[in-house]
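The values are calculated or read from the model by the stated rules, or taken from the named source; none is laboratory data. Quantities reported herein were computed from a predicted structural model and do not represent experimental measurements. With ideal geometry, Cβ positions are generated from the backbone for all residues, glycine too; neighbour counts draw on all protein chains shown. Note: accessible area is taken over every heavy atom of the protein model, side chains too, but ligands, DNA and RNA are not part of it. Shrake-Rupley method; radii C 1.70, N 1.55, O 1.52, S 1.80 Å.
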Amino acid sequence: MAELCVNIDHVATIRQARRTFEPDPVFAATIVHLAGAHGITIHLREDRRHINDRDLRLIRDICQIKLNLEMAATDEMTNIACEVIPDQITLVPEGRQEITTEGGLDVDADQGSIRRTIDAAKEIGIETSLFIDPVKKQIDAAKQIGADAVEMHTGNYANAHGLAEQAHELEIVAEACAYADNIGLDVYAGHGLTYYNVAPVAGIGDIQELNIGHSIIARAVFVGLDKAVREMLALIRRAYSTPS
Ligand code: PXP
């Protein structure tokens, strides 16, 4: 079964809407843990628009499940990661104007900064994952550059219109996952996954971990974070035990 890492950035986004102390993403991390998720994902952005350095340090201190830090491959973020030592870093492209991460890394084109960050992280035992589009060229580049894992961008699948387009995009993700697994990379996936579209992706046997944020935090507003996490875990578990 794919493990679930819950991205709690949006809890900090609500806090930052008023620049106050609540809701505290540190509280969210404990609830996510108690609800049975396998990991916490947070994205420390250059502009600190939601998660900040204090959140990262406190969550690192209290987090007993996997802590996955999403970050850009910059010197600043690499230094922070090497100091705080999350279990895993996921390198993502970052644009100041974007609402959320918009696409996968171009690993093939930008080997300098990505390689430096991977080398620094590996030296101190941090697992490294690259967020990429489900494209063979990027998977090969990730392997070649020494990443431990790739996170397949499921955005095209999530945004597909109609069943045929969705099935096509799912096939692209599934084939990319099989290819990455075959060349020895750990395989994760995420972006745009919801309670309504997660099952087919969770049914892809090669995927070891799903990163899901927006949909879980959105549901948590109405049903509470504990229930929202448990409901997502149940869908992933069901998809695994009854693959299509
Ligand atoms: N994976 C990566 C690399 C991301 O940047 C994000 C968004 O922060 C997610 C997964 C989660 O996406 P969503 O919030 O759409 O579930």
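Sort out which residues of the range 60-80 are more than 16 Å from the chain's Cα centre (by Cα) and aliphatic (A, V, I, L, M), and write them in order of number. Spell out how you get there, then give the answer.
Initially, the range 60-80 is screened for residues more than 16 Å from the chain's Cα centre (by Cα), giving 60-64, 74-80.
Once the filter is applied, which keeps residues that are more than 16 Å from the chain's Cα centre (by Cα) and aliphatic (A, V, I, L, M), the range 60-80 yields ILE62, MET77, ILE80.
Go over the candidates ALA142, ALA147 one by one and state the one that is within 14 Å of the ligand (Cβ to nearest atom), not in a loop (DSSP other than H, G, I, E, B) and not β-branched (Val, Ile, Thr).
None of the other options fit; the residue is ALA142.
Across the range 108-134, which residue is nearest to ASN156 (Cα to Cα) among those that are part of a loop (DSSP other than H, G, I, E, B) and touching a helix residue (DSSP H, G or I) at 6+ places or on another chain (Cβ under 7 Å)? Show your work before the answer.
To start, the set of residues in the range 108-134 that are part of a loop (DSSP other than H, G, I, E, B) comprises 108-110, 124-126, 133-134.
Then keep just the ones that are touching a helix residue (DSSP H, G or I) at 6+ places or on another chain (Cβ under 7 Å); that gives 108, 124, 126, 134.
On the way: ASP108: 20, ILE124: 34, ILE126: 29, PRO134: 10 Å.
By that ranking, first place goes to PRO134.
Could you grab the pairs with beta carbons closer than 7 Å, sequence gap of 6+ or different chains, first residue in the range 1-21 and touching a residue at least 12 places away in the same chain (Cβ under 8 Å) and closer than 29 Å to ARG237 by Cβ, second one open to solvent by 60 Å² or more (accessible area, probe 1.4 Å) and charged (D, E, K, R)?
MET1/ARG237
What about THR74, is it open to solvent by 40 Å² or more (accessible area, probe 1.4 Å), within 16 Å of the ligand (Cβ to nearest atom) and in contact (Cβ under 8 Å) with a residue 24 or more places away in the chain? Can you show your working first?
Values: open to solvent by 40 Å² or more (accessible area, probe 1.4 Å): yes; within 16 Å of the ligand (Cβ to nearest atom): yes; in contact (Cβ under 8 Å) with a residue 24 or more places away in the chain: yes.
Yes, satisfied.
Of (1) at pLDDT below 95; (2) surrounded by 20 or more Cβ atoms within 10 Å (Cβ to Cβ), TYR240 satisfies all except one. Which?
(2)
Filter the range 171-195 down to the residues that are among the β-branched types (Val, Ile, Thr) and open to solvent by less than 30 Å² (accessible area, probe 1.4 Å), then identify the one that is nearest to LEU225 (Cα to Cα). Steps first, answer last, please.
If we filter the range 171-195 for residues that are among the β-branched types (Val, Ile, Thr), which is where we start, we get 172-173, 183, 187, 194.
With the extra rule that they be open to solvent by less than 30 Å² (accessible area, probe 1.4 Å), the set shrinks to 173, 187.
Working: VAL173: 28, VAL187: 26 Å.
Top of the filtered list is VAL187.
Kindly provide the set of residues from the range 196-208 that are crowded, with 16+ Cβ neighbours inside 10 Å and not charged (D, E, K, R), ordered by number. Full working, then the answer.
Here is the first cut: in the range 196-208, the ones crowded, with 16+ Cβ neighbours inside 10 Å are 197-204, 206-208.
Residues satisfying the conditions are ASN197, VAL198, ALA199, PRO200, VAL201, ALA202, GLY203, ILE204, ILE207, GLN208.
Could you check, for the range 154-170, whether at least one of its residues is within 15 Å of the ligand (Cβ to nearest atom), open to solvent by 40 Å² or more (accessible area, probe 1.4 Å), within 22 Å of GLU102 (Cα to Cα) and polar (S, T, N, Q)?
Looking through the range 154-170, at least one residue is within 15 Å of the ligand (Cβ to nearest atom), open to solvent by 40 Å² or more (accessible area, probe 1.4 Å), within 22 Å of GLU102 (Cα to Cα) and polar (S, T, N, Q).
Could you list, in sequence order, the residues of the range 1-48 that are over 17 Å from ILE212 (Cα atoms), part of a helix (DSSP H, G or I) and touching a helix residue (DSSP H, G or I) at 6+ places or on another chain (Cβ under 6 Å)?
VAL26
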